[in-house]
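Novice: Please find one structure pasted underneath; my questions will follow.
The values are calculated or read from the model by the stated rules, or taken from the named source; none is laboratory data. The shown structure was predicted, so the numbers you read here are calculated from the model rather than taken from an experiment. Cβ: placed from backbone, ideal geometry, glycine included. Neighbour counts: every protein chain shown.
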Amino acid sequence: MLDPQPILASARRLQTIMSASLMLLTGSALALAILGISDPDRAGQTLARLAHFPAGEMAAWQNWGLMAVILIHLLVWGVLLTLARALFGQLAMGNPAGASGIARKLAYWLWFMLVWGLISQVIVSAVATWGFPAGQRAISIALGTPQLSVAFSALIASFMARAFALGADLWQDHQEVV
Amino acid sequence: MAIIVRLDVMLATRKMTSRELAGRIGISEQNLSLLKSGKVRGVRFNTLEAICRELECQPGDLFEFAPDTADG
């Protein structure tokens, strides 16, 4: 007879880690929002520098545009962490069927994060260089290690979701044998 | 269901309660009840062995095959 207690305990620990990460992320989003409200110029220039664009004088709408893009990034991360916390919560309760549905949603959101990552590059490059002289304005899109890492993670998560569904069926089968 | 479980008959002839048997063979009363009503997908050999030992019977005394008729 299988003893599920060790994996249930691990799932509970991972759920706690996800909760802590979610709180940290919420704190970061709040800090960014406060910085954006109190000093929008500085926040906008910092974000442009982080995106590897020269930080010049930017209009208010550019600062807010860059902050909106970053906040959407943080929101997507928040959704991913919430789903991961729910997934480990279901596993901790010994409900693999519930976990398999959440794993599928997690995989979808990882694919969304990949697409949004590419779209946001275009938005950030256009917004950050909007005020530049003609010829220096840019719309850029890059496909590098970060994008490939997210694509690889999304692919693995998609397969893991299917494995979870199979595992849930096997667990149900196991439960119905006395 | 083509397999009929005759565990309740065996318990009655042995004058043993479900609770008592469940305690002796080390499974929950709920699982024993599911087995009695045939609402399980399978029975482990060690469960079957324990039931046969406690009820002093053969596996064939506990189950009966009744083919499903065409009209259900």
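Novice: Taking B:Leu21, is it part of a helix (DSSP H, G or I), among the hydrophobic types (A, V, I, L, M, F, W, C) and within 14 Å of another protein chain (Cβ to nearest Cβ)?
Specialist: Against the criterion (part of a helix (DSSP H, G or I), among the hydrophobic types (A, V, I, L, M, F, W, C) and within 14 Å of another protein chain (Cβ to nearest Cβ)), B:Leu21 qualifies.
Novice: Does any residue of the stretch B:23-30 turn out to be within 11 Å of the chain's Cα centre (by Cα) and either charged (D, E, K, R) or closer than 20 Å to B:Ile3 by Cβ (or both)?
Specialist: no
Novice: What number of residues in the stretch A:155-178 are in a helix (DSSP H, G or I), crowded, with 16+ Cβ neighbours inside 10 Å and within 14 Å of chain B (Cβ to nearest Cβ)?
Specialist: 1
Novice: Further question: Only one residue in A:Leu106, A:Leu118, A:Leu114 is in contact with a Leu (Cβ under 6 Å, 6 or more places away or on another chain), at pLDDT 90 or above and part of a helix (DSSP H, G or I). Which one?
Specialist: The conditions single out A:Leu106.
Novice: Determine whether A:Ile139 is of a type in the set (Val, Ile, Thr) and exposed (fewer than 14 other Cβ atoms within 10 Å of the Cβ).
Specialist: yes
Novice: Condition first: outside any helix (DSSP H, G or I) and either within 10 Å of chain A (Cβ to nearest Cβ) or touching a His at 6+ places or on another chain (Cβ under 9 Å) (or both). Now tell me which residues in the stretch B:27-47 satisfy that.
Specialist: Of everything in the stretch B:27-47, those that are outside any helix (DSSP H, G or I) and either within 10 Å of chain A (Cβ to nearest Cβ) or touching a His at 6+ places or on another chain (Cβ under 9 Å) (or both) turn out to be B:Ile27, B:Ser28, B:Lys39, B:Val40, B:Arg41, B:Gly42, B:Val43, B:Arg44.
Novice: Output the residues belonging to the stretch B:1-17 that are touching a helix residue (DSSP H, G or I) at 6+ places or on another chain (Cβ under 9 Å) and either assigned to a loop (DSSP other than H, G, I, E, B) or within 13 Å of chain A (Cβ to nearest Cβ) (or both).
Specialist: If the condition is that a residue be touching a helix residue (DSSP H, G or I) at 6+ places or on another chain (Cβ under 9 Å) and either assigned to a loop (DSSP other than H, G, I, E, B) or within 13 Å of chain A (Cβ to nearest Cβ) (or both), then B:Val5, B:Arg6, B:Leu7, B:Met16, B:Thr17 are the ones that fit.
Novice: Okay, moving on. Quick one: which residue in A:Phe152, A:Phe132 is modelled with pLDDT of 90 or more and away from chain B (no Cβ under 14 Å)?
Specialist: Just one listed residue meets the conditions, A:Phe152.
Novice: Residues in the stretch B:8-15: is at least one farther than 25 Å from A:His174 by Cβ, basic (Lys, Arg) and without any contact (Cβ under 8 Å) to a residue 12 or more places away in the chain?
Specialist: Scanning the stretch B:8-15 turns up at least one residue that is farther than 25 Å from A:His174 by Cβ, basic (Lys, Arg) and without any contact (Cβ under 8 Å) to a residue 12 or more places away in the chain.
Novice: Of the residues that make up the stretch B:52-60, is at least one under 11 Å from the mean Cα position of the chain (by Cα) and either within 13 Å of chain A (Cβ to nearest Cβ) or among the charged types (D, E, K, R) (or both)?
Specialist: Checked against the condition, which is being under 11 Å from the mean Cα position of the chain (by Cα) and either within 13 Å of chain A (Cβ to nearest Cβ) or among the charged types (D, E, K, R) (or both), the stretch B:52-60 yields no hits at all.
Novice: Show the residue pairs that are 6+ apart or on different chains and have beta-carbon atoms under 9 Å apart, the first residue being within the stretch A:131-152 and part of a helix (DSSP H, G or I), the second being at pLDDT 90 or above and among the aliphatic types (A, V, I, L, M).
Specialist: A:Gln147/A:Leu114; A:Gln147/A:Leu118; A:Val150/A:Leu110; A:Val150/A:Met113; A:Val150/A:Leu114; A:Ala151/A:Leu110; A:Ala151/A:Leu114
Residue-wise test of (1) under 28 Å from A:Trp171 (Cβ atoms); (2) surrounded by 15 or more Cβ atoms within 10 Å (Cβ to Cβ).
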{"position": "B:Ser28", "(1), (2)": "yes, no"}
{"position": "B:Asn31", "(1), (2)": "yes, yes"}
{"position": "B:Ala50", "(1), (2)": "yes, yes"}
{"position": "B:Pro67", "(1), (2)": "no, no"}
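Novice: Would the stretch A:95-103 turn up any residue that is touching a helix residue (DSSP H, G or I) at 6+ places or on another chain (Cβ under 9 Å), under 20 Å from A:Val69 (Cβ atoms) and not acidic (Asp, Glu)?
Specialist: Within the stretch A:95-103 (the criterion being touching a helix residue (DSSP H, G or I) at 6+ places or on another chain (Cβ under 9 Å), under 20 Å from A:Val69 (Cβ atoms) and not acidic (Asp, Glu)), the answer is no, since none of the residues qualifies.
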